[in-house]
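The structure appears below as structure tokens.
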There are 4 protein chains.
Amino acid sequence: MVSDLKVAVLGVGMMGSYHATTLSSLVRGATVTVVNDFSAERAAEVAAATGARVVDDPFAAIADPDVDAVVIATPGAAHEAQVLACLDRGIPVLCEKPLTTSIDTAYAVVKAEAALGRSLIQVGFMRRFDAEYAALRELIAKGGLGDPLLVHCTHRNPDVPPHFNSEMMIRDSVVHEVDVIRFLLDEEITSVQVTRGRPTPSAPEGVSDPMMVTFTTEGGRIATDEIFVRTGVAYEVRTEVVGSQGSAFIGLDQNMLVKSTDGRWGGSITPGFVERFGQAYVTELQRWVAAATEGTIDGPGAWDGYAAVAVCEAGVEAVLTGETVAVQMGPRP
Amino acid sequence: MVSDLKVAVLGVGMMGSYHATTLSSLVRGATVTVVNDFSAERAAEVAAATGARVVDDPFAAIADPDVDAVVIATPGAAHEAQVLACLDRGIPVLCEKPLTTSIDTAYAVVKAEAALGRSLIQVGFMRRFDAEYAALRELIAKGGLGDPLLVHCTHRNPDVPPHFNSEMMIRDSVVHEVDVIRFLLDEEITSVQVTRGRPTPSAPEGVSDPMMVTFTTEGGRIATDEIFVRTGVAYEVRTEVVGSQGSAFIGLDQNMLVKSTDGRWGGSITPGFVERFGQAYVTELQRWVAAATEGTIDGPGAWDGYAAVAVCEAGVEAVLTGETVAVQMGPRP
Amino acid sequence: MVSDLKVAVLGVGMMGSYHATTLSSLVRGATVTVVNDFSAERAAEVAAATGARVVDDPFAAIADPDVDAVVIATPGAAHEAQVLACLDRGIPVLCEKPLTTSIDTAYAVVKAEAALGRSLIQVGFMRRFDAEYAALRELIAKGGLGDPLLVHCTHRNPDVPPHFNSEMMIRDSVVHEVDVIRFLLDEEITSVQVTRGRPTPSAPEGVSDPMMVTFTTEGGRIATDEIFVRTGVAYEVRTEVVGSQGSAFIGLDQNMLVKSTDGRWGGSITPGFVERFGQAYVTELQRWVAAATEGTIDGPGAWDGYAAVAVCEAGVEAVLTGETVAVQMGPRP
Amino acid sequence: MVSDLKVAVLGVGMMGSYHATTLSSLVRGATVTVVNDFSAERAAEVAAATGARVVDDPFAAIADPDVDAVVIATPGAAHEAQVLACLDRGIPVLCEKPLTTSIDTAYAVVKAEAALGRSLIQVGFMRRFDAEYAALRELIAKGGLGDPLLVHCTHRNPDVPPHFNSEMMIRDSVVHEVDVIRFLLDEEITSVQVTRGRPTPSAPEGVSDPMMVTFTTEGGRIATDEIFVRTGVAYEVRTEVVGSQGSAFIGLDQNMLVKSTDGRWGGSITPGFVERFGQAYVTELQRWVAAATEGTIDGPGAWDGYAAVAVCEAGVEAVLTGETVAVQMGPRP
């Protein structure tokens, strides 16, 4: 068997510690060996929880012989140098957005990787791994909507901290839709226009929340994005793509809905038990493994198995006789 | 760090090989060390895919020193002896339904485990680990529907093999609803009545497909189950619970819908990014770990990071100026 | 032009006065000329509101020369004689359910009409005129679901008076589903079975609320009905029909949803403006006629027309120039 | 009783003949006495169908002593003079959009009516009479969404004639959203900006279909409108309003959906039978009146009433006995 990938996590604030925990509890094939943070206390805490070692200097962490790959979740300003150090060592890096904080430095990173001739840098646009976005992209790619002409995005947060201003709404929130639009349409964005709206009462002075953003693309397509980060409601992230032969909507809390040229709207019914309960099987096994490691169970037990047998016996008799059959069960030991 | 739980998988037909693969690719903390099947060829195949060793005799597999816990996915008739052997060795076992094939043997297993004084047997009713069923049970348990009075279940398969007769419809399909009803209501079923319906044209001679099953429980509650396994449509598994203060519906391909005493129907909006994209993060990391182990990436790359930076720069300028701003990007290296 | 049908309404309690008002305010081609009720006061009130004349004796009302047709909304016990009197005079009658209060008298009425050789009796099963039920029947009739095998009905009221007992739940509520099942399947019901459930806390002593009813039909089909009249929630009337080639669901507060053999669920998108806004046109005209009769309007006025012209002018200029165009409007006079 | 309003319909093309037919078959209290059209043949046809008289000159029609009110459905260029003629005679007029074809003439009409001191002109923005738009406006007006900040409109037609160009998309389609925005927000629109999109393959040369329109209002609110008139799908007219305390969506083919600050999405369950079946009662009575005028019925007959009685008798026995009860019915005469 292949031994685990040894991963260093740089920056273990909210996002980095979330990654470190996920890697060490739910992802197979990786071990978090090194964690680094400017807060020694926070690094120690995450190290303890994941069984990793703290390395105080991020570049030492990248260079550590016990590190095969790196997750970067440090503040954006630190990304450029850290990503370049990973390239220097020739090891894969998963870098949270933004790649760097300026166009010029981001382009320099792109060129450095290109010079190396290997793809080592992945950027943390996680929506591409969401089942609905993936299904929508596949639907478009296989021509299910004809020529995609419009992309409508909605990004609503229930609340954000007071310092989250109009510029951050673009850089931290709209940035996700920027990647979604590029991912879905497979072409570059060529222009941006923003309409500042009447601010919601809870917006700080001077912050335009909500705003409407209108993008155009190389192919002349239009994409719109409503960005509203203090709705007071919940987390609503939606995308509708309108094509020349139908439209599809994800994020309505109802799975993907498609409108097609036969004049119907709707979604797919789950085709089989794997699609319907595949995640339940993973969860069942993951929880059972954890319990079994402790010598016990975490789920339905022998009594539940017995009760099912007893009821099914009565059920089979009911099928055969057409009568109402009483279930016969012994006392619970 | 804790070392992996060493698991033997007995029976590697459809269900067992699915479990073996899931354990060795998506579940953290377990290693499939031993596989067993009456088909030596099939056992060898699954062993090769999971890095396990084949043990020809199931009881030898259970007794193997390299085994900490057992997954049983053999035919039902083999379950009793295999589960008891696990109890004898005092190791945890996850046994696919049915626990055993008769009321008496199932009760004997229950008593044997009770005599041991430890919970070692878990039964594979995986729906309890599905997010919708878990949410529904939680809603009921916290009183969100008042007193639960009715449970309506629907179990529809697109198709089944010709030998799947009315009795198997009870033992293999309705059995899931039997557990769901007990899980949701937290009480035992006391009677069963079955109405055989007009058979669908594709039903084999003598098979009553669909049927309606009506259960009553200790508390006088009613549960119904439509069982229809040759719908020609898709896999539809639904449950509606009707209580004295509202009702809730899962499996409508629209997430859980609740009707409440304020006269409204609807569902919850995903409250935050973890609930919305938590699974995407796991998938992103799992796929990145697999790619990074090969020294490459599997997701958005440096160019995508650069493009996002470039568009956001233009976006921020658009916010500040109110103008339509062209995105400036260099050529792709 | 044809002159109005002169209608007598017998019984002007809740249902009868509702019919009288509807006939005289929303239905074209009829005039309520006569009303009758055992309460002289109530009769006088409805007569005043509809411009009708009170006739104290129901048989005198039926015989009145100013009456071309009769609506019967009296208590059930009075129906037999009143319907027969209409047959005697040879005039059409719309009789609220029940036709009569016993099988024998109902059959006698059927035979009396058959002897007459004309269809004069219509029974007030109004669901047949609901767009969703009509669409569902049409879908079944044209084979859209293959062979219809199961009908699942749900009838939930938020509340009913305390005297509404289990028998009335059958006679006054389930009776609607009885007609729905016959209407949809176009065959007779041959057996009925009832399961009495755990009563909801608000049910009076001895009343089984909710209950599950299971019907079978001439063709061996199964129909089920959940009857629950004290849900505390709202008015929920649903029907799902499951056939050999798909299923359809109405009453989900989401228009008709169909599951089809292509593995999709969904509904029809409104095909055109008539289907979408046809009722709006009727309402617009009905309200405008009422206002115009008073010499005024009841809807968007000249200023709204002017504003639309002004905005569209700016819009056309915006299309042509690509610029943001300010709307120019004069002061409101 | 009040006698009918005598209405002249000017212009009986698609819209005018639709109004004439609706007025004379479904609206109570009006009689179409006069029709006028530049096509004598078409006028004669509609006159025959509605029992009206043809008057060749529109101004003679307006002046006709047998006319109390006027519906104008002539081409837009004719509206100004015809509306002013109605004002001169002091009679109510329902004028299809546009009120007139220029800002100046529209403003002149507004001032003429203001000088008269009476509201006589209604403009045919029929969406205000649609139940969903009315419910949305009411929700906003009573503060259900807090401060309404954004309005998103979508207007999609399956197809339009080839001559329907970008300018007509504004004047004939977007104009409806212009009124919807003003109706919902109760304030004026102050600017318009249009983004021309990549044209759908079926768009004629030079026609920008789809387009995105961005409006701002007096209160600084943003409204957007996607206008796409050759989708090949169906008629989709949607509006979402996003406020500081929730959002609401109509036109999703699922009735109005609201997202509220309790983190829930959903709709209202129909509260009672009047809301659920009110339209069915009107349809039942309207069809019965038409049939009864011919001396027959158009709906469930005596046999249906008898069958319901027979099944309910069996049902009541089933409640009392707990047994399956066979339904007893005589042969159909």
Next item on the list: Answer yes if at least one residue in segment D:260-272 is at pLDDT 90 or above and under 30 Å from residue C:214 (Cβ atoms), and no otherwise.
Entry: no
Note to self: Against the condition touching an Asp or Glu at 6+ places or on another chain (Cβ under 8 Å), buried (at least 20 other Cβ atoms within 10 Å of the Cβ) and not assigned by TED's automatic domain parsing to the domain that holds residue B:167, how does residue B:249 come out, does it pass?
What the structure shows: no
Check: If we keep just the residues of segment C:123-147 that are under 9 Å from the mean Cα position of the chain (by Cα) and either surrounded by fewer than 16 Cβ atoms within 10 Å (Cβ to Cβ) or without any contact (Cβ under 8 Å) to a residue 12 or more places away in the chain (or both), which is farthest from residue C:96 (Cα to Cα)?
Finding: C:130
Check: Is it fair to say residue A:221 is at the interface with chain D (Cβ under 9 Å from one of its Cβ atoms), under 23 Å from residue D:226 (Cα atoms) and touching a residue at least 60 places away in the same chain (Cβ under 8 Å)?
Finding: yes
Item checked: Output for segment B:215-238, where each listed residue is within 20 Å of residue A:268 (Cβ to Cβ) and assigned to a strand (DSSP E or B) -> B:228, B:236, B:237, B:238
Note to self: Within segment A:235-256, does at least one residue satisfy the condition of being closer than 22 Å to residue A:96 by Cα, touching a helix residue (DSSP H, G or I) at 6+ places or on another chain (Cβ under 7 Å), modelled with pLDDT of 95 or more and within 8 Å of chain B (Cβ to nearest Cβ)?
What the structure shows: no
Next item on the list: Take segment B:52-111 and flag every residue that is aromatic (Phe, Trp, Tyr) and at the interface with chain A (Cβ under 9 Å from one of its Cβ atoms).
Entry: B:107
Next item on the list: Could you identify the single residue in C:25, C:17 that is on the phi < 0 side of the Ramachandran plot, under 17 Å from the mean Cα position of the chain (by Cα) and modelled with pLDDT under 95?
Entry: C:25
Next item on the list: Take segment A:314-328 and flag every residue that is closer than 15 Å to residue C:193 by Cα and of a type in the set (S, T, N, Q).
Entry: A:324
Checklist line | Output for segment D:64-80, where each listed residue is more than 25 Å from residue C:282 (Cβ to Cβ) and surrounded by fewer than 16 Cβ atoms within 10 Å (Cβ to Cβ) | finding: D:65, D:77
Item checked: Qualifying position, being more than 19 Å from residue C:315 (Cα to Cα), in a helix (DSSP H, G or I) and not assigned by TED's automatic domain parsing to the domain that holds residue D:77, among D:181, D:140 -> D:140
Checklist line | Conditions (1) in contact with a Leu (Cβ under 9 Å, 6 or more places away or on another chain); (2) in contact (Cβ under 8 Å) with a residue 40 or more places away in the chain; number of the one not met by residue D:11 | finding: (1)
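Yes/no matrix, rows are residues, columns are (1) assigned by TED's automatic domain parsing to the domain that holds residue D:99; (2) surrounded by fewer than 23 Cβ atoms within 10 Å (Cβ to Cβ); (3) out of contact with any Lys or Arg (no Cβ under 8 Å at 6 or more places or on another chain):
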| site | (1), (2), (3) |
| --- | --- |
| D:159 | no, yes, no |
| D:165 | no, yes, yes |
| D:170 | no, no, yes |
| D:187 | no, yes, no |
| D:228 | no, no, no |
Next item on the list: Scan segment A:195-207 for residues that are outside any strand (DSSP E or B), touching a strand residue (DSSP E or B) at 6+ places or on another chain (Cβ under 9 Å) and surrounded by fewer than 20 Cβ atoms within 10 Å (Cβ to Cβ) and report the count.
Entry: 0
Notebook entry, point to check: Hey, among B:12, B:7, which residue is closer than 30 Å to residue A:34 by Cα and crowded, with 23+ Cβ neighbours inside 10 Å?
Noted result: B:7
Note to self: Checking the condition within 14 Å of chain C (Cβ to nearest Cβ) and in a helix (DSSP H, G or I), which residue from A:310, A:318 passes?
What the structure shows: A:318
Note to self: Restricting to segment D:296-307, and then to whatever is facing chain C (nearest Cβ under 7 Å) and not in a helix (DSSP H, G or I), can you tell me which residue is farthest from residue C:73 (Cα to Cα)?
What the structure shows: D:296
Next item on the list: For segment D:267-295, enumerate the residues that are among the hydroxyl-bearing types (Ser, Thr, Tyr) and either surrounded by fewer than 17 Cβ atoms within 10 Å (Cβ to Cβ) or facing chain C (nearest Cβ under 7 Å) (or both).
Entry: D:270, D:281, D:283, D:293
Check: Can you pull out the residues in segment C:256-266 that are surrounded by 17 or more Cβ atoms within 10 Å (Cβ to Cβ) and either within 25 Å of the chain's Cα centre (by Cα) or among the β-branched types (Val, Ile, Thr) (or both)?
Finding: C:256, C:257, C:258, C:266
Check: Filter segment A:22-47 for residues that are in a helix (DSSP H, G or I), within 14 Å of chain B (Cβ to nearest Cβ) and out of contact with any helix residue (DSSP H, G or I) (no Cβ under 7 Å at 6 or more places or on another chain); which is surrounded by the most Cβ atoms within 10 Å (Cβ to Cβ)?
Finding: A:47
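The values are calculated or read from the model by the stated rules, or taken from the named source; none is laboratory data. Given the structure is predicted, the values throughout are model-derived calculations rather than measurements. Cβ sites come from the backbone with ideal geometry, for glycine too, and all protein chains shown count toward neighbours.
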